[in-house]
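The values are calculated or read from the model by the stated rules, or taken from the named source; none is laboratory data. If you're wondering where the values come from, they're calculated on a predicted model, not measured in any experiment. No Cβ is skipped: glycine too gets one built from the backbone with ideal geometry, and neighbour counts run over all protein chains shown. Keep in mind that these areas ignore ligands, DNA and RNA; they rest on the heavy atoms of the full protein, side chains included. Shrake-Rupley method; radii C 1.70, N 1.55, O 1.52, S 1.80 Å.
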Amino acid sequence: MKKHQAAINKHILSLSLMTILSIVLASSLWAKPIKTLIITGQNNHNWEVSHLVIKEILENSELFVVDFAISPAKDEDMSSFIIDFEPYKLIVLDYNGDAWPDLTNKAFTEYVDKGGGIIVYHAADNAFPNWETYSQVCALGGWEGRNEKSGPWVYWKDGAIFKNNGPGIGGSHGTNHEYPLNLRNSTHPITKGLPQKWKHAQDELYDRMRGPGNIGDLLYTAFSDIETKGSGREEPLIFTVDYKKARIFHTMLGHAGKTVSDNIAMQCAGFQITLLRGAEWAATGKVKQKVPKDFPSENKISLRKNYK
């Protein structure tokens, strides 16, 4: 009798474990991808390439599903460019152009204030120099008439973030070239497990950027060498932004090429992987992605020409 009861109990336990495992597997398989919106349509850079590539990078990871909000062309009527941010956990800014309608500005501000996830990508930090909320979201920006009135230059000096209030332009870059990225925070979820140094493929290296400078966590910097017509400073290129409840990831990497296939800066595995990790963190506050084997080394670039 005891042996029979023990067999029954063992069978029940086995069924229970199988049920739990099935629930876990089902929840994993049916986990919803992160609903993401890319705002684009005007830019001094090749947005026709960049928005398609960002979508491909994000969706290839199977963590995101991506929609577009594509603005009217420059100098056309913007009054109908009304964006509903509510359905999205992540907004990717790939826009530098005419002002948005007031309703879209208000909706964007509300989204940020409520703690939405934001990616500021490359030249999006050039946009809207006179919109204070947007400047705070970016922390640093360039061009479009920026100068000392826009805020200090911010760069890395003597082992810390340094703010320089001197007069001068906001935003420049030297010749496109390969350059190493230098880790400044190894414990943040975005950079945990990433190397101290890695070599980025040929790209612009933004320097002399100005703004409110409300960097949350400085993740990677790069030296802008005067030999490549740079600033001679260690510039912040990848960082989070401290602004209200929002989670904001800002990457200055990824200058779009002529075509989707001729696009070396965005084909860099380092750009793609930091973008993906920054996107997951901005949307969820966590990074569950493992560091892939093809991450660049200190002395060798790594390209993903098919964006995965």
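The table that follows gives values for the structure above.
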item	result
Residue selected from region 106-139 under the condition in a loop (DSSP other than H, G, I, E, B) and aliphatic (A, V, I, L, M), by the criterion farthest from GLY151 (Cα to Cα)	ALA127
Residue identified as closer than 26 Å to SER231 by Cα and open to solvent by less than 10 Å² (accessible area, probe 1.4 Å) among GLY117, GLY166, GLY171	GLY171
Tally, over region 258-289, of residues that are more than 20 Å from VAL65 (Cα to Cα) and open to solvent by 30 Å² or more (accessible area, probe 1.4 Å)	5
Any chance GLU59 is at pLDDT 95 or above, assigned to a loop (DSSP other than H, G, I, E, B) and not polar (S, T, N, Q)	no
Every pair of residues 6+ apart whose Cβ atoms lie under 7 Å, when the first sits in region 38-53 and is over 18 Å from ASP75 (Cβ atoms) while the second is open to solvent by 10 Å² or more (accessible area, probe 1.4 Å) and in a helix (DSSP H, G or I)	ILE38/HIS51; ILE38/LYS55
Filtered residues of region 129-163 (kept if surrounded by fewer than 22 Cβ atoms within 10 Å (Cβ to Cβ), of a type in the set (A, V, I, L, M, F, W, C) and at positive phi)	TRP143
Meets criteria (of a type in the set (Gly, Ala, Ser), open to solvent by 60 Å² or more (accessible area, probe 1.4 Å) and farther than 23 Å from ASP203 by Cα) for ALA99	yes
Qualifying residues in region 69-96 (those that are aliphatic (A, V, I, L, M) and in a loop (DSSP other than H, G, I, E, B)) - the one most open to solvent (accessible area, probe 1.4 Å)	ILE82
Out of ASN299, ASN306, sole residue that is open to solvent by 10 Å² or more (accessible area, probe 1.4 Å), assigned to a loop (DSSP other than H, G, I, E, B) and in contact (Cβ under 8 Å) with a residue 40 or more places away in the chain	ASN299
